[in-house]
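The next block holds one structure in the form of structure tokens; read it before the comments.
The values are calculated or read from the model by the stated rules, or taken from the named source; none is laboratory data. If you're wondering where the values come from, they're calculated on a predicted model, not measured in any experiment. Every residue, glycine among them, receives a Cβ derived from its backbone with ideal geometry; neighbour counts consider all protein chains shown.
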Amino acid sequence: PPGSSTAGSCVNPLRRSRAGPSRPGGHPAARAALRHWAAHEGAGVRIFPHGHPVFLGATILAVISLGPAQMVAPCRIVRVIDESDRFGFACGTLPGHPERGEEAFVVERRTDGTFFSITAFSRPADPLARLAGPIGRAIQLAITRRFVNALARYTQSGV
């Protein structure tokens, strides 16, 4: 995200947001879901260590299946936002991640409802990611879309 230590050297900015449920309890449900990785797991991204909530300084492995192959993406939680109307966190990539950059996941309660947004700044770090070019970017966009859709599903159904 802007102002971070890695954002200045990265390209490929990405932003996606989606309105969540405006029903009572939608914002607390979205906060809890984000804190416990529901957007990631609902998008098919497994987080290790499993079962640990988001906390500042945590190192995680995000494992993404791409057909028969798996991609392991090590990250560290570099920022946590925990305010009454906003909850979120930013992950910075670590060595071994196919990209270099940061990605922020934020749930925000506004007068017109609850919104979930993802903001990312990255560039390919791994030679295969650089070689993938537009295909890699398409995969990143598809996973981001899956994150926002998964959180919307979770907060509407509670599952």
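Some notes on this structure:
- Qualifying residue in segment 49-67 (condition: more than 15 Å from the chain's Cα centre (by Cα) and part of a strand (DSSP E or B)): yes
- Only listed residue being within 13 Å of residue 39 (Cβ to Cβ) and either touching a Pro at 6+ places or on another chain (Cβ under 7 Å) or modelled with pLDDT under 80 (or both), chosen from 125, 104, 150: 104
- Unmet requirement for residue 93, which otherwise passes all of (1) hydroxyl-bearing (Ser, Thr, Tyr); (2) farther than 27 Å from residue 130 by Cβ; (3) surrounded by 15 or more Cβ atoms within 10 Å (Cβ to Cβ): (2)
- Residues in segment 68-86 that are in a strand (DSSP E or B) and charged (D, E, K, R): 76, 79, 82, 86.
- Between 142, 150, the distinction of being free of Cβ contacts under 8 Å to residues at least 60 places away in the same chain and assigned to a helix (DSSP H, G or I) belongs to 142 only.
- So residue 59, is it closer than 22 Å to residue 145 by Cα and of a type in the set (Ser, Thr, Tyr): no
- Contact map, segment 36-48: first residue within 11 Å of residue 143 (Cα to Cα), second residue part of a helix (DSSP H, G or I) and aromatic (Phe, Trp, Tyr), Cβ cut-off under 7 Å, separation 6 or more or different chains; pairs are 39/147; 40/147; 42/154; 43/147.
- For segment 18-27, the criterion of being surrounded by 19 or more Cβ atoms within 10 Å (Cβ to Cβ), modelled with pLDDT of 60 or more and within 19 Å of residue 104 (Cβ to Cβ) is satisfied by at least one residue.
- Among (1) surrounded by fewer than 17 Cβ atoms within 10 Å (Cβ to Cβ); (2) in contact with a His (Cβ under 8 Å, 6 or more places away or on another chain); (3) of a type in the set (S, T, N, Q) - the single one residue 65 does not satisfy: (2)
- Beta carbons closer than 6 Å, at least 6 apart along the sequence or on distinct chains, pair a first residue in segment 117-129 that is within 13 Å of residue 97 (Cβ to Cβ) with a second that is β-branched (Val, Ile, Thr) and not in a helix (DSSP H, G or I) for 123/11.
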